[in-house]
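In what follows, a single structure is set out as structure tokens and then discussed.
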Amino acid sequence: MARTKSAPENREAKRVLIVETAIGIFASKGYHAAKMQDIADALSIAKGTLYEYYTDKEDLFLGVYDYWMDLYEASMMRAMEDHFDPVSKADALIDTTVEFYEKHAKYAPLLLEFWAHALRSTSDSFLIRIRDMKKRLSQLGSEVATQMQALKLFRNVDSESFAVLELGISDGIFLQWVIDGQSYSLREAYKFRQSVIGSGLMTDTLRKLVAAKVEKKLRLGFLHTSFVRKEDT
């Protein structure tokens, strides 16, 4: 016999449904144009029901961000736990980032709006949340960079500075990809970034092991590789 959901489970399921519905509304209308009534109408519930879960529209917008980032961070942690050597960890972290962005590609404007809203909101809760998330991701990147140095695969580099710069570059690649109409492979762009940065940090030991692969990647780039967008297939 199927187990009956408890009240907390039912509430959590309802909360997720509200967030997933809000994603579509915010993405299509934009944060400022979207109204709580639009979301209530899409759910066929009274607007007052939304306020049982979120205090206002901004709180719900933050709820959407939290929902996505919780999934993203959990994936990043699994990527770290499932791989033991730092090279594999670095590749897994990049794969996780690309998979997240590709999965949410149609909501790209909404992802960008999160950052803009965090900077213009009178409440600092959004910016604090983003900074906390970035700090945790930076710690993961710093850990990998430190391990790479311990194994004499990377030159001596300040791991924390490197990790912060990597996050900025990663966000920049995503932004450029969106601006360019997602006209090339995001995965190949990230691989190219990895080759460019890695070629400068690699020790002679690692350089000899991956020289041919890196040189090919640098020579070919990512703009001219064969790429078909999913929506075009």
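Descriptive notes on the structure:
- Top-ranked residue in region 147-158 [being at pLDDT below 95 and of a type outside the set (A, V, I, L, M, F, W, C); ranked as surrounded by the fewest Cβ atoms within 10 Å (Cβ to Cβ)]: Asn156
- Within region 64-89, residues that are within 21 Å of Arg131 (Cα to Cα) reach partners that are of a type in the set (D, E, K, R) with beta carbons closer than 6 Å, at six or more positions or on different chains, in the pairs Met80/Lys89.
- Set side by side, the residues Arg129, Arg155 differ, and just one is of a type in the set (D, E, K, R), farther than 30 Å from Ala33 by Cβ and in contact with a helix residue (DSSP H, G or I) (Cβ under 8 Å, 6 or more places away or on another chain), which is Arg155.
- Screening Ile94 against (1) closer than 30 Å to Leu153 by Cβ; (2) modelled with pLDDT of 95 or more leaves a single unmet condition, (2).
- Within region 1-73, helices (runs of 4 or more DSSP H) holding 1 or more residues that are under 27 Å from the mean Cα position of the chain (by Cα), among the β-branched types (Val, Ile, Thr) and over 30 Å from Gln139 (Cα atoms): 7-29, 36-43
- Selection within region 192-212: residues that are at pLDDT below 80 and not aliphatic (A, V, I, L, M). The member of this set that is surrounded by the fewest Cβ atoms within 10 Å (Cβ to Cβ) is Lys208.
- Residue match in region 92-101 (condition: part of a helix (DSSP H, G or I), more than 14 Å from the chain's Cα centre (by Cα) and either crowded, with 16+ Cβ neighbours inside 10 Å or without any contact (Cβ under 8 Å) to a residue 24 or more places away in the chain (or both)): no
- Answer residue from region 170-184, given it is at negative phi and among the polar types (S, T, N, Q) and is surrounded by the most Cβ atoms within 10 Å (Cβ to Cβ) among those: Ser170
- Answer from Arg131, Arg136, Arg187, Arg219 - the residue that is buried (at least 16 other Cβ atoms within 10 Å of the Cβ) and assigned to a helix (DSSP H, G or I): Arg187
- Looking only at region 102-129, residues that are over 19 Å from Lys29 (Cα atoms) and under 11 Å from the mean Cα position of the chain (by Cα) come to 2 in all.
The values are calculated or read from the model by the stated rules, or taken from the named source; none is laboratory data. Not measured: the values here are computed from a predicted model. Don't worry about glycine lacking a Cβ; one is built from the backbone with ideal geometry, like all the others, and counts go over all protein chains shown.
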